[in-house]
Structures are given as structure tokens and as C-alpha cells.
1. Just name the residue that is farthest from the chain's Cα centre (by Cα) out of those in segment 320-371 that are aromatic (Phe, Trp, Tyr) and at pLDDT 95 or above.
2. With segment 56-166 as the region, which strands (runs of 3 or more DSSP E) entirely inside it contain at least 3 residues that are at pLDDT below 95?
3. Being surrounded by 20 or more Cβ atoms within 10 Å (Cβ to Cβ) and touching a helix residue (DSSP H, G or I) at 6+ places or on another chain (Cβ under 7 Å) is the filter here; which residues of segment 127-142 pass it?
4. Return only the number of the condition from (1) surrounded by fewer than 13 Cβ atoms within 10 Å (Cβ to Cβ); (2) touching an Asp or Glu at 6+ places or on another chain (Cβ under 6 Å) that LYS399 does not satisfy.
5. How about segment 275-298: which of its residues are more than 22 Å from the chain's Cα centre (by Cα) and either acidic (Asp, Glu) or not assigned by TED's automatic domain parsing to the domain that holds VAL342 (or both)?
6. For segment 322-331, what are the residues that are touching a strand residue (DSSP E or B) at 6+ places or on another chain (Cβ under 7 Å) and assigned to a loop (DSSP other than H, G, I, E, B)?
7. ARG46: more than 22 Å from LEU239 (Cα to Cα), not β-branched (Val, Ile, Thr) and not assigned by TED's automatic domain parsing to the domain that holds SER372, yes or no?
8. Which condition from (1) touching a helix residue (DSSP H, G or I) at 6+ places or on another chain (Cβ under 9 Å); (2) surrounded by fewer than 17 Cβ atoms within 10 Å (Cβ to Cβ) is the one that GLY365 breaks?
Amino acid sequence: MHYFEYQNGELFAEQVPVRRIAKEVGTPAYIYSLATLKRHYQVFDRAFARVPHVICFSVKANSNLAVLRTFAKEGSGFDIVSGGELFRALKAGADPKKIVFSGVGKKKEEIEYALDAGILMFNVESEQELAFLDDVSRARGKRAPISLRVNPDVDPKTHPYISTGMKKSKFGIEIKRSAELYKKALSLKNLEVIGVDCHIGSQLTSVGPFVDALSRIREYLDRVLVGYLRKEGANIRYLDLGGGLGIQYKDEEPPRPEDYAAALIQGLEGLDVTLILEPGRVMVGNAGILVTEVLYLKETDEKKFVVVDGGMNDLLRPALYGSYMGIRPVVERKAETIVADVVGPICESGDFFAKDREISRPQPGDLLAVMSAGAYGFTMASNYNSHPKPPEILVDGDKFYVVRQRETLEDLIRGETIPPILQ
């Protein structure tokens with residue numbers, strides 16, 4: 001659920017009219033609901049209350065400091081994939097002992113930063129990374145706590161760009177090779193083997209793939225963990241099952257956190273580990289919207305286009321994945337229904353928020369809300385076509401706060417210089 005609702009035909013964010021926010025900060029603009037963020041974390045956390053667990057919010061989904069601070073105050077840990085995300089999490093007050101570092105391309109300085117911060121665990125993705133992590137740890141005079149990201153080869157039945165647990169994925173280590181790499185990890189003196197990691201994809205709308213992945217990992221743990229690793233001195237105490245639980249964008253019916261948790265907990269019975277979970281989209285997706293203003297209605301013999309001031313530079317998902325995003329009028333009014341593409345100002349044919357969408361005919365100056373934009377929205381935004389990035393707004397009850405200012409034209413060229421030879 002979320003707290004974006006109509007009151008007398010006008011869309012509100014909690015108790016604040018969206019139209020009022022747009023008038024004060026301009027468009028396009030991202031708006032987040034604090035009550036929704038808190039509720040989503042609490043519901044997810046309570047669902048796993050019966051087992052030892054650590055919730056590590058996936059920073060890549062939404063890295064705004066106010067959003068991260070909200071989760072940190074609720075007790076969340078964080079799943080990071082870069083030194084920049086580590087910096088943001090720490091700035092937001094994260095407990096380093098609740099931070100896991102994932103990703104296939106960790107650089108030396110990022111590893112050093114994480115070692116010095118004292119994070120909970122590195123999720124290692126390859127044999128060369130394993131050796132490199134040992135080298136960096138030795139030079140730093142530290143011992144890195146690690147898990148291996150085991151690839152269970154489970155089809156998550158989601159978009160191929162966000163499928164991460166199959167054989168051809170760049171992520172993880174083949175399950176049949178992982179025992180060999182665990183053996184190697186145990187021989188490296190500057191590594192401490194403490195966990196097993198698995199992540200199969202994003203925007204999953206069924207518990208089936210999660211159960212299949214857990215079944216394969218459980219079989220692996222029962223055979224390799226008990227049969228070999230603990231005998232070799234490994235203290236496997238964490239099982240990281242990643243994230244990936246989907247949300248409703250259109251007519252999907254994703255499982256409730258309670259059902260998701262029940263399925264996983266049943267598969268964990270008798271296993272003495274602390275569960276790590278990395279929810280991202282499910283925590284923030286429906287907690288945010290992108291508000292954009294209608295500039296023009298363009299009609300040709302073949303098509304109708306609603307041209308708005310937000311574009312793929314602000315919200316990339318439809319252009320990148322062909323993703324469906326719900327679009328609602330900020331103020332409802334009686335108008336004929338048309339079928340149109342909702343497009344932005346970017347000089348690309350792929351710049352659209354909706355294709356052949358049935359909507360009420362808007363007028364220039366009307367405001368539209370692109371729904372469920374809290375995940376992978378601003379974090380994927382760019383300055384393409386030299387558009388300043390939009391502001392981010394956090395609503396709390398009847399108040400709202402600008403938690404990231406709109407970029408200025410000067411921000412576009414910050415850090416750039418013209419060398420003397422061109423003066």
C-alpha cells in the first residue's frame with residue numbers, strides 16, 4: 001500500500017496536495033512518502049520476526065540520504081554495490097556491521113574503504129576477486145569477512161536485464177564450482193569465511209523462484225557446509241538470500257511479505273544461520289511518484305502524443321525495460337478519453353513514459369503523476385540533453401521537505417574546464 005490518494009478529485013501525498021508541491025518546487029519532481037517508507041520497512045521486518053535476520057535495504061534502488069536515514073532509524077542495514085553507496089549509507093547513519101558489499105567489479109580503493117569502515121561482509125563474485133580481496137586485506141593489515149555469491153541457475157521469470165541467478169549471468173559463481181572456491185578461501189589467511197550468498201533477480205511476482213533457489217542452496221548447504229566447510233574450520237553463520245520481491249505497477253499480484261517470509265522460513269528449518277535479506281524495490285517503489293507537467297498535445301494522422309517536461313533522463317525504466325508505469329492526473333476532471341503516447345523532451349524515439357495509453361485528454365499546464373517511481377527512478381537519472389536533474393521531496397504528514405535541490409544550469413558544467421590551448 002501507499003499514501004498517494006485522491007481527495008475530492010485531487011491527488012495528495014499523505015496530507016499534502018501534490019499540486020501545491022509542484023507549484024512550489026516546479027516540475028519534473030520526485031515526491032516520496034515518509035509514512036509509506038516506514039510502513040514498508042516495518043511490515044517486511046515483522047514478517048521475518050520468527051528467525052534471526054538482518055534487513056539490508058538495497059541502496060541502488062533509491063540512494064537519497066533522507067530515504068537511507070529513514071531506514072537506518074528503523075534499524076535497517078544496507079546492501080551496497082560501490083564505494084559511493086557506502087559513503088551515502090555511512091553519511092545517513094548506517095551501522096557498518098549491517099552493511100554487505102555486493103557487485104562484480106569492486107575496485108581496490110572501494111575495498112579499502114569498506115575494510116576500514118568495518119562492514120559486515122563482502123559478497124564475492126569470482127575467483128579473481130577472492131584472491132584480490134585477500135591481497136588488499138593483507139596490505140591493509142586486516143581480515144575481510146566474506147561469503148561467496150552462489151549462482152543456483154534458477155529462472156526468476158522476470159525481465160532478462162534484471163535476471164541475475166542463471167548460468168549465463170555475469171553475477172555469482174556456479175554452484176558446482178563454489179565448494180572448490182570455498183576451499184581456496186579457507187586457505188587464504190586474510191579472509192574469514194562467514195556466509196553464503198544468493199540473489200536471482202528483481203521484480204519477482206511469485207514465491208516459486210525464491211523457493212526453488214532456496215531449495216538448491218539448502219541442498220548445497222546440507223551437503224557442503226555440514227560435510228566439508230565446518231570440518232575445515234569455517235564458521236558459516238549468515239545466509240544472504242538477496243532481494244527481488246516485486247511490486248504492483250499494473251495488474252501484477254506479487255506475494256505479500258508475510259507469504260514470502262513464510263515460504264523462506266519453512267525452507268530454513270533446522271539451519272543455524274542468520275538470514276540476510278536485501279529488499280529494494282518492494283521498500284521504495286510505491287513510496288514515490290514523479291510529477292511532470294503537460295507541455296503540448298501533438299496529434300498526427302497516425303498517433304497522438306502527450307508531450308511532458310519529464311523524460312527518460314529523469315525516469316529511464318520505460319525506455320530501458322519497456323516497463324509499464326501507471327500515469328494519473330494530479331487533478332481529475334471530465335474529459336474525453338484518448339489513446340496516446342506520453343513522451344518527454346529528449347531527442348530520442350525511446351523517450352517515453354507510456355505507449356498507446358488510454359488516458360483522459362490533458363491540456364497544456366495539467367500535471368501528471370507517474371506512479372510507483374520510487375525505485376530505480378532518480379538513482380538512474382542523468383543529464384542527457386543537458387537537462388538538470390529534478391529535485392527530490394519527502395512528505396511527512398502535512399509537511400514536505402526538499403531533500404535534494406533541483407540542479408541548476410551551473411551544476412551542469414561543474415568540474416568542467418576549458419584548457420589554456422583553447423582560450
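The values are calculated or read from the model by the stated rules, or taken from the named source; none is laboratory data. Owing to the predicted nature of the structure, the values given are computational and were not obtained by experimental measurement. All Cβ positions, glycine included, derive from the backbone under ideal geometry; neighbour counts span all protein chains shown.
1. Per the criteria, the residue is PHE352.
2. 144-151
3. Across segment 127-142, the qualifying residues are LEU130, LEU133, VAL136, SER137.
4. Going through the list (1) surrounded by fewer than 13 Cβ atoms within 10 Å (Cβ to Cβ); (2) touching an Asp or Glu at 6+ places or on another chain (Cβ under 6 Å), LYS399 breaks only (2).
5. The answer is GLU293, and nothing else.
6. Matches in segment 322-331: MET325, VAL330.
7. no
8. Looking at each condition in turn, GLY365 falls short on (1).
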